[in-house]
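Here the structure is laid out as structure tokens; the discussion comes afterwards.
The values are calculated or read from the model by the stated rules, or taken from the named source; none is laboratory data. Here the structure is a predicted model, which means the values were calculated and not measured. Note that each Cβ is placed from the backbone with ideal geometry, even for glycine, and that neighbours are counted across all protein chains shown.
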């Protein structure tokens with residue numbers, strides 16, 4: 001990874017971390033982000049930072065209880081401030097795109113009948129009604145096609161591809177649909193993409209073998225310098241209890257992946 005950092009610094013390469021939620025980039029790549037911020041310009045672009053309105057599904061209400069909130073919008077407002085505080089402490093720029101989180105995204109078209117039923121059973125109007133069955137299934141709803149098109153336009157407008165740059169995004173371990181959407185959009189829209197192993201999903205889950213095979217993904221590098229990341233993680237106070245129920249934050253190395261052809265031909269830091 002030292003060669004990686006040196007390459008970026010020497011080429012004045014701007015680094016963009018496309019984070020599905022307001023902690024994903026730091027949780028998964030905070031150690032690397034901190035190192036890079038000392039050498040070059042780093043921007044974190046958070047995608048799903050908007051809270052939806054009631055009625056909430058059972059899964060959403062359970063998540064809010066874990067976070068000790070009753071309003072999803074209020075939770076997102078506070079998470080935005082947490083993220084801003086953490087990233088400003090290491091001189092990282094932040095952009096929030098304000099798309100709704102999968103937990104609160106509702107179907108595009110719903111009849112008046114289902115709108116009434118939703119007051120009793122909110123799941124009927126949500127794109128991902130049940131967390132374990134839908135949200136972490138890896139299967140993106142067709143209702144999110146427009147969202148993906150909009151996100152592609154936003155990212156290509158924000159990122160100046162005429163200058164040296166590298167895009168970092170999740171590889172989708174854990175199959176959270178928001179992570180999969182960001183991964184797929186970045187894969188299609190940009191050439192210089194490096195994928196991070198989604199933490200803490202990567203503690204118990206593996207990379208989707210189909211995606212790895214289709215994209216010819218291989219291990220690019222490992223960052224072992226993660227001790228300093230703990231203080232960054234602790235800055236996301238609202239997420240400590242739901243993500244680490246026992247209060248213990250397991251610090252594991254950060255893993256990064258890239259398409260084999262790109263890694264071999266374009267960069268000197270291939271492992």
From the list 36, 76, pick out the single residue that is part of a helix (DSSP H, G or I), buried (at least 17 other Cβ atoms within 10 Å of the Cβ), without any contact (Cβ under 8 Å) to a residue 60 or more places away in the chain and touching a helix residue (DSSP H, G or I) at 6+ places or on another chain (Cβ under 8 Å).
-> 36
Residues (in a loop (DSSP other than H, G, I, E, B) and surrounded by 18 or more Cβ atoms within 10 Å (Cβ to Cβ)) located in the stretch 208-220 | 208
Yes or no: residue 84 without any contact (Cβ under 8 Å) to a residue 24 or more places away in the chain and closer than 21 Å to residue 154 by Cα?
-> yes
Being out of contact with any helix residue (DSSP H, G or I) (no Cβ under 7 Å at 6 or more places or on another chain) and at pLDDT 90 or above is the filter; apply it to the stretch 241-254 and report the residue that is farthest from residue 63 (Cα to Cα).
-> 253
Please verify whether the stretch 6-16 includes one or more residues that are buried (at least 18 other Cβ atoms within 10 Å of the Cβ) and within 23 Å of residue 203 (Cβ to Cβ).
-> no
Are any residues in the stretch 132-149 under 17 Å from the mean Cα position of the chain (by Cα) and either in a helix (DSSP H, G or I) or without any contact (Cβ under 8 Å) to a residue 12 or more places away in the chain (or both), and if so, which ones?
-> 135, 144, 147, 148
Examine the stretch 259-269 for a residue that is modelled with pLDDT under 95, out of contact with any strand residue (DSSP E or B) (no Cβ under 6 Å at 6 or more places or on another chain) and closer than 22 Å to residue 177 by Cα, and state whether such a residue exists.
-> yes
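Name the residue, out of 52, 31, that is outside any loop (DSSP other than H, G, I, E, B) and in contact (Cβ under 8 Å) with a residue 12 or more places away in the chain. Reasoning before the result, please.
On the way: 52 fails: outside any loop (DSSP other than H, G, I, E, B).
Going through 52, 31 in turn, the sole match is 31.
Go through the residues of the stretch 180-189 one by one and say whether even a single one is within 18 Å of residue 18 (Cβ to Cβ), over 18 Å from the mean Cα position of the chain (by Cα) and not in a loop (DSSP other than H, G, I, E, B). Working first, answer last.
We begin by selecting, within the stretch 180-189, every residue within 18 Å of residue 18 (Cβ to Cβ); these are 180-189.
Next, from what is left, pick out any that are over 18 Å from the mean Cα position of the chain (by Cα): none.
Within the stretch 180-189 (the criterion being within 18 Å of residue 18 (Cβ to Cβ), over 18 Å from the mean Cα position of the chain (by Cα) and not in a loop (DSSP other than H, G, I, E, B)), the answer is no, since none of the residues qualifies.
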